[in-house]
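Some notes on the structure that comes next.
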């Protein structure tokens, strides 16, 4: 296979020479999925010429790699027949995603290019809510009736089986089109030709509802370990199937959403590299401002201790250290709990188990950090007069507040996601920065209270 | 179907009555995946009795739901023939995962219960490194030779086709067992019986290497949208296949690892709810201590400004607010960049594009927060004498440092993951807390330098 860099030049040259036989030979050894990303970088005009000369499968695969603007421009460059052929060749779920991004009038105009069957399909797919199973389904399934013989089924597959990878389960529907079973294709290959479908049925099958959210579909796929699942409507009629490769994309999109929320911004819903700067700033600014307003309470809290700081400036030095340790512990706890919730490792009513774990972990972690903090101040003081003659009080204040602040951080970090979920919000909203902000304010109160206890009458 | 709560009681009663016919009728309407999680909560002794009476598929599915300790105990309760039947019925990849958790001598003892074929298979799977494709593969594929006719292929499928969902691609191998093509099963159904396999070949196929890391496999599955991919060894011989449902688990495990690292702890590698407390504390403590040692630099940095704080205690009040804003901006940037890197949205050499974006976003976000901060101090001062007569200087200091700190945070947060990746580390290591710690120290320097500029000769 030629080097990637040359492919674009080679193809452009062949198209200019209009040597379509050589072009066909050139493209033959490539899998569409391998060459489509390279081709998709060609100018739209060259692409239009290429699409006219190459296979529908290559055109459809390449089309999926283009930005929506490029897709739209390309369709305009093709004549109506070519555009219709391309749109008809797109997998229904990709087509739905494309049409969905367009203004409604443009989408309707493109819909009119489809064959009547495909048109009806596209319209029915668009009627399902975003992120629903209905939007992801395809019609590449084979449905048969219980009264058919095995021979009839095999003949039917030969005539109507779609050329996709999903032909391993045959669905059985009743007269009203309601799903009543699924049967592996291999059972038909093994059964005597005159046997009836109903005699192969066991009545065991798993389904998705077209209105199910994609997250729920992902859960069901994880549970049943299937490569495809049938989709039924509210009357239990079979309306399509969803394949597991689409679930990979769902899993990835859901993880991206959670990760971005955990990082303290709204989910971008678009790739980082292509989202408009203004849009990204907006998504990040809203949370930053909320966190900023919350963090302002630290200034208020500290102003209550202004007198103490004036008397013992040394106290101010350790403020960032102490409160950030609480924030870090809280961020760990929140992240672990949010992920465990997302994976279904425990339910809300297990909150007390989580709380017990986090109190124990927080105590252990707090003692470790407290000891490190105490030793650090003691060591420094052994070799210098940096913290003054009262360094044991400073060291004790820092050490003891660390135990309290880290425990408090772990507790808040673990309970906040559960509280948010209980109230019907997304637990991932309790991001690392959010928990840190909450813990900062209370951390200050803990720190200055401990200081007051140790230093009253001495430094304060 | 009976309510979940009753299932366990019902089954226990049927087993005590030894009414195996009724037991069989009771279990019939259930899909193994639905009832296995309920059954798996029964005492091990009851499970052993149930396994003796129920189908192998149910036993194998239920077995996968048990903890490793329960699995081991259960195998001991069954007689050797029953244990061997169960182990032989387990999907090879689940069995590998189970054996892998056991001490080597126990694993070898269990291996000896398998049929010679399954034994050889299990041993060969165990020889592949953890998290490699070899560990996930199964042998449920059908391979044919180019010189066979379509009729021979169909006969072969009838005799040797395994009863799994993966029978939609038939693999073609040469005399040495090297993979040379894959062909959809439907093409055999449609072709004339005397046609040769080689005449159906197009030489286009995608493969995984047995030594590939699971992350790489996930990438390849995402690219080709396949439900199964063939696995080849170093001599290009076909040794197994991997199905996409296993990739769902990989995607989930990889996201969990990244999320836990982003939250500022090591990846737990075990469920949050079942990991030993001591183990979890260890994984969290190491990072907390590192962050704590880093954060100690804030105390050092602040001690340089002790004189300034003593003169203007009001400065200390805003320290947490200013530095945490930088940390929050940095945490956002780091998270977005890490996820974009994981999704392959850009490569390392695009670093300057990311930098330009983050400088622009950081400036915008800094201006927003700076304005909010300035207004807040101005408003408070309009109604009180809280910040003294020099409040405009305080407000200007806070406002201007916020611009600098937020820009700096965005820059550090976005560049650090890229730097880590360049040095060969996991970019997810630059967690939100890690970035916040780094930004805290520099944030202090920015804040006090700005303060010095504005207040020199007035307050300082």
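Observations on the model:
- Checking each residue in region A:191-212 for being surrounded by 15 or more Cβ atoms within 10 Å (Cβ to Cβ) and without any contact (Cβ under 8 Å) to a residue 60 or more places away in the chain picks out A:191, A:195, A:196, A:197, A:200, A:201, A:205, A:206, A:207.
- Looking at A:165, A:175, just one residue is more than 14 Å from residue A:205 (Cβ to Cβ) and modelled with pLDDT of 80 or more, and that residue is A:175.
- Just one of the listed residues (B:121, B:179) is outside any loop (DSSP other than H, G, I, E, B), in contact (Cβ under 8 Å) with a residue 12 or more places away in the chain and not assigned by TED's automatic domain parsing to the domain that holds residue B:242, and it is B:121.
- Taken over region A:92-124, the residue count meeting the criterion of being surrounded by fewer than 16 Cβ atoms within 10 Å (Cβ to Cβ) and either in contact with a strand residue (DSSP E or B) (Cβ under 9 Å, 6 or more places away or on another chain) or within 22 Å of residue A:54 (Cβ to Cβ) (or both) is 2.
- Verdict on residue B:186 being at the interface with chain A (Cβ under 10 Å from one of its Cβ atoms), modelled with pLDDT under 85, part of a loop (DSSP other than H, G, I, E, B) and surrounded by 15 or more Cβ atoms within 10 Å (Cβ to Cβ): no
- Selection status of residue B:180, buried (at least 16 other Cβ atoms within 10 Å of the Cβ) and in contact with a helix residue (DSSP H, G or I) (Cβ under 8 Å, 6 or more places away or on another chain): no
A quick yes/no check of all residues on (1) surrounded by 15 or more Cβ atoms within 10 Å (Cβ to Cβ); (2) more than 25 Å from the chain's Cα centre (by Cα):
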{"residue": "A:33", "(1), (2)": "yes, no"}
{"residue": "A:46", "(1), (2)": "yes, yes"}
{"residue": "A:51", "(1), (2)": "yes, yes"}
{"residue": "A:55", "(1), (2)": "no, yes"}
{"residue": "A:83", "(1), (2)": "yes, yes"}
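- Flag for residue B:369 being in contact with a helix residue (DSSP H, G or I) (Cβ under 8 Å, 6 or more places away or on another chain) and touching a residue at least 60 places away in the same chain (Cβ under 8 Å): no
- Residue selected from region B:255-264 under the condition touching a residue at least 60 places away in the same chain (Cβ under 8 Å) and either touching a helix residue (DSSP H, G or I) at 6+ places or on another chain (Cβ under 7 Å) or facing chain A (nearest Cβ under 7 Å) (or both), by the criterion nearest to residue A:224 (Cα to Cα): B:258
- Scanning region A:10-23 for residues that are surrounded by fewer than 16 Cβ atoms within 10 Å (Cβ to Cβ) and either at pLDDT below 80 or within 26 Å of residue A:76 (Cβ to Cβ) (or both) yields A:12, A:13, A:16, A:17, A:18, A:20.
- Of the residues B:455, B:412, the single one that is crowded, with 24+ Cβ neighbours inside 10 Å, out of contact with any strand residue (DSSP E or B) (no Cβ under 6 Å at 6 or more places or on another chain) and away from chain A (no Cβ under 13 Å) is B:412.
- For region A:213-228, residues that are modelled with pLDDT of 85 or more and either within 11 Å of chain B (Cβ to nearest Cβ) or surrounded by fewer than 19 Cβ atoms within 10 Å (Cβ to Cβ) (or both) total 8.
- Flag if residue B:374 is more than 27 Å from residue B:355 (Cβ to Cβ), modelled with pLDDT of 90 or more and assigned by TED's automatic domain parsing to the domain that holds residue B:335: yes
- Yes/no for residue A:308 being touching a residue at least 12 places away in the same chain (Cβ under 8 Å), surrounded by fewer than 22 Cβ atoms within 10 Å (Cβ to Cβ) and in contact with a helix residue (DSSP H, G or I) (Cβ under 7 Å, 6 or more places away or on another chain): yes
- Picking from residues in region B:229-251 that are more than 9 Å from every other protein chain (Cβ to nearest Cβ) and within 20 Å of the chain's Cα centre (by Cα), the one that is surrounded by the fewest Cβ atoms within 10 Å (Cβ to Cβ) is B:250.
- For residue A:279, the criteria (1) more than 10 Å from chain B (Cβ to nearest Cβ); (2) under 24 Å from residue A:219 (Cα atoms); (3) out of contact with any strand residue (DSSP E or B) (no Cβ under 9 Å at 6 or more places or on another chain); (4) not in a loop (DSSP other than H, G, I, E, B) hold in every case but one, which is (2).
- Failed item in (1) over 35 Å from the mean Cα position of the chain (by Cα); (2) assigned to a helix (DSSP H, G or I); (3) closer than 28 Å to residue A:219 by Cβ; (4) modelled with pLDDT under 80, with residue B:94 passing the rest: (1)
The values are calculated or read from the model by the stated rules, or taken from the named source; none is laboratory data. Bear in mind that the values here come from a model prediction, so they are computed numbers and not experimental data. Cβ sites come from the backbone with ideal geometry, for glycine too, and all protein chains shown count toward neighbours.
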